[in-house]
Structure formats: structure tokens, C-alpha cells
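Below is one structure; the comments refer to it alone.
The values are calculated or read from the model by the stated rules, or taken from the named source; none is laboratory data. On a predicted model such as this, the values are computed, not experimentally measured, just so you know. Cβ coordinates were reconstructed from backbone atoms using ideal geometry, including for glycine residues, and neighbour counts include every protein chain displayed.
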Amino acid sequence: MTTPGSSSGTTLVAQHRESGKRLTIADSDLDELRQLSDARLLICPFCGGLLTLKAGAVRVHHFAHVDLEACRTADHEPETDAHRAGKLTLYRRFQATAVDAALEQHLPATDQRADVYIAKQEDANLRRYALEFQQANNSAARWQERHQMYSDQGICDIWLLGQVRYQQVGALEPISVFDPLPVPHTEFDAAAGAFRIREMEKQMLLHSPLLHYLDPDTQIVTLLVKRTLHANTLRAYRYCFPLADCDLHNGKLVTPLSAALNRLTTGGS
Ligand SMILES: [Zn+2]
């Protein structure tokens with residue numbers, strides 16, 4: 001399950017060695033974490049290995065394994081500052097409306113680790129979401145496997161691609177006012193263009209015509225709406241809007257464009 005070399009041994013969640021309390025970077029007092037780290041009281045919730053706090057010249061504070069080879073958790077994306085920032089951004093955005101929220105949640109049934117886990121009460125249903133901030137280049141088969149495992153557990157998986165995966169080919173153009181599709185032509189930085197995508201994105205597009213990208217620095221979501229796909233060139237509409245204007249509902253990421261796009265995706269092609 002673990003790809004060779006993919007475990008870099010850092011985490012945003014630690015456990016108190018004695019009390020067992022879960023300590024999340026976003027929710028814990030830094031001074032308290034420093035003291036616990038110095039006293040060697042922080043351990044990895046996944047493998048039990050000793051952790052140390054990294055809160056120096058990094059963008060996102062985190063914990064690192066003292067023994068780098070120790071941790072063998074599934075679904076470790078090669079951890080970068082940008083990946084940590086993406087996870088933290090998603091956690092902070094959706095934590096408030098959740099009945100249960102966790103960073104790097106381990107799911108024992110499939111031995112997966114969701115970047116962000118959110119449980120929400122929606123009418124009579126408790127709906128469970130796994131939010132994945134994906135920068136690494138998973139194969140199509142690996143993505144499909146992860147998607148299927150979430151699906152088998154009744155968990156709605158939502159994938160936000162890292163900005164590094166957004167590759168524009170040539171210049172963007174305005175969307176013609178004569179374009180017959182029911183998408184906004186001028187709002188949300190609307191534009192049309194060509195984009196280079198890889199096998200993982202192509203697999204995602206078999207499930208939905210939408211690709212979402214998140215820039216943790218600006219907290220802006222970029223949305224691509226598929227028009228055509230030839231080889232690795234996606235022709236798409238491009239829109240941008242703040243993550244703050246997005247929500248989770250009905251198993252989906254609801255964006256300012258969802259109403260218009262529902263007409264596009266359910267009204268026949
Ligand atoms: Zn570990």
C-alpha cells in the first residue's frame with residue numbers, strides 16, 4: 001500500500017505519550033507543544049514513534065519522526081511545506097461546520113489516512129468526507145483504488161489538486177458570449193484555454209468533468225470544467241473563487257458555480 005520512498009516521516013498530529021491526548025498543530029498552543037517536545041512526550045499516533053516539533057523557519061509547523069525510517073503509514077504523500085499548508089487550509093475552512101474534524105485521520109477499515117476528515121450533520125444524515133490535497137503524481141490505478149476504498153466505506157472523497165499540477169498551455173481566451181453551454185461567461189475570472197494534465201487527472205475526469213486546484217497561499221480555488229480531452233491536453237473553462245465561498249454538502253464540494261454546473265452535468269451533454 002505504501003509507495004517506496006513516499007514516507008517522509010512528518011505529521012500535523014501528535015499524541016501525548018502519557019495521556020494519549022491527540023494534539024493537532026492548528027489547535028494546540030505552541031509553547032505547550034515545545035515543552036512536550038523537549039520532554040520527549042510527543043509520539044506518532046500512527047506508529048508510536050517519537051516525534052519532535054519543527055517550528056523554526058518553516059511555513060507550517062509540524063512534527064517529525066526522530067527515527068525517519070520508523071513510520072509506515074499508508075497514503076503518505078511526499079510531504080512538503082506546500083502540502084502541509086494545503087491540508088491545514090482545508091482543515092481550517094471546514095472544521096467549524098463539522099461535528100467531527102481531524103487532520104491526517106487514520107481509517108482502520110482500509111488503512112487509509114485522509115488528509116482531512118470531516119463528519120457533518122446534513123438533515124437526518126451524518127455525512128463523512130475525506131478531503132485530499134493532492135500534489136504528488138499518483139498513477140491512475142492508485143487514485144482509482146483510493147477513491148474506491150473511500151467509496152466502499154461510504155466516505156465522500158473530494159480531491160483538491162496542488163497548484164503545481166495546474167499547467168496552462170498557451171494563453172487563456174474569453175468565453176464567447178455565443179457559447180451555448182450554461183456556464184458563466186464573465187463571472188469568476190471566466191476564461192477558456194488548454195491545460196496539460198496527467199493520468200491521475202484523466203482518471204478523475206471519468207467520474208466528474210470538474211478539476212479543482214487549491215493555492216494555500218491565496219486561498220483561491222481554480223476550477224476547470226472539461227470541454228474536450230485529447231491525449232493529455234484538456235480544453236476547459238477556467239474559473240477562480242475564494243475557498244471561503246465553498247462548502248461541503250450532499251457529498252460534494254459546493255462552489256459558487258455549482259448551480260450552473262449542475263445544469264451542465266445533469267441536463268445531458
Ligand atoms: Zn509514525
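A few comments on the model shown:
- If you go through the range 85-130 and keep only what is assigned to a strand (DSSP E or B) and under 20 Å from His61 (Cα atoms), you end up with Ala101, Ala102, Leu103, Glu104, Gln105, Arg113, Ala114, Asp115, Val116, Tyr117.
- Subset of the range 28-58 that is in a helix (DSSP H, G or I) and either surrounded by 14 or more Cβ atoms within 10 Å (Cβ to Cβ) or assigned by TED's automatic domain parsing to the domain that holds Asp100 (or both) - its residue that is nearest to the chain's Cα centre (by Cα): Leu33
- Among the residues making up the range 220-269, those that are of a type outside the set (Val, Ile, Thr), out of contact with any Cys (no Cβ under 9 Å at 6 or more places or on another chain) and farther than 21 Å from Thr186 by Cα are Leu229, His230, Ala231, Asn232, Asp247, His249, Gly267, Gly268, Ser269.
- Selection from the range 222-246 of residues that are in contact (Cβ under 8 Å) with a residue 24 or more places away in the chain and more than 20 Å from Leu264 (Cα to Cα): Asn232, Thr233, Leu243, Ala244
- For the range 158-192, filtering for residues that are β-branched (Val, Ile, Thr) and free of Cβ contacts under 8 Å to residues at least 40 places away in the same chain leaves 2.
- Qualifying positions in the range 223-268 - among the polar types (S, T, N, Q) and surrounded by fewer than 20 Cβ atoms within 10 Å (Cβ to Cβ): Thr228, Asn232, Thr233, Asn250, Ser258, Asn262, Thr265, Thr266
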